[in-house]
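Note sheet for the following structure.
Just so you know, all these numbers are worked out from the coordinates, no wet-lab data involved. On a predicted model such as this, the values are computed, not experimentally measured, just so you know. Because the Cβ atoms are built from the backbone with ideal geometry, glycine has one as well, and the counts that use them run over all protein chains shown.
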Amino acid sequence: MFELDLSDRYGQRPVRWKPLAVVLLIVGTAWLTWSGLHHSRPEIRTTLISFEIPSERSLAMRYSIDRRTPSLEVTCTLVAYDIDKNIVGEIQDRTPGGRARVEKTTVIPTRSSAVSGAVSRCRTGSQ
């Protein structure tokens, strides 16, 4: 039987989206690779190791700091929480430049009984 080909009658549209799609794919893949590698190793990384409650008005927190540039001073904000997750104690703990990995134990004074603690934020002296 006979085959109907409408491109003979109306013509064909040029394909314009394929080069744009290839360029976007290359740029998107490059950006995704860069961002994954860049953010997988932050400037400062902290790990909460443990905490204990030595008294009703304090919390002792043990944590580690890993930094890419060991010579930079790091200031960490440590917080203590009560049973209702309210902040009952907060201090700024400074760590001078030195080793790339540092483990510290810091006592946080609290206004009431604390049940847990956390490292809220760490920043270098230049941030």
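Here is how the numbers come out for the structure above:
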quantity	calculated
Any hit, the stretch 13-21, residues being under 30 Å from Gly125 (Cβ atoms) and either of a type in the set (Asp, Glu) or loosely packed, with under 10 Cβ neighbours inside 10 Å (or both)	no
Residue list for the stretch 37-53, filter: surrounded by 10 or more Cβ atoms within 10 Å (Cβ to Cβ) and over 17 Å from Asp93 (Cα atoms)	Pro42, Glu43, Glu52, Ile53
Tally, over the stretch 102-127, of residues that are out of contact with any Cys (no Cβ under 9 Å at 6 or more places or on another chain), surrounded by 14 or more Cβ atoms within 10 Å (Cβ to Cβ) and touching a residue at least 40 places away in the same chain (Cβ under 8 Å)	11
Arg99 vs. criteria of a type in the set (D, E, K, R), exposed (fewer than 14 other Cβ atoms within 10 Å of the Cβ), touching a residue at least 24 places away in the same chain (Cβ under 8 Å) and over 15 Å from Ile53 (Cα atoms)	yes
Residues of the stretch 99-116 classified as over 24 Å from the mean Cα position of the chain (by Cα) and among the polar types (S, T, N, Q), total	3
Residue identified as among the β-branched types (Val, Ile, Thr) and over 24 Å from the mean Cα position of the chain (by Cα) among Ile49, Ile83, Ile44	Ile83
The lone exception for Val88 - which of (1) surrounded by fewer than 16 Cβ atoms within 10 Å (Cβ to Cβ); (2) without any contact (Cβ under 8 Å) to a residue 60 or more places away in the chain it fails	(1)
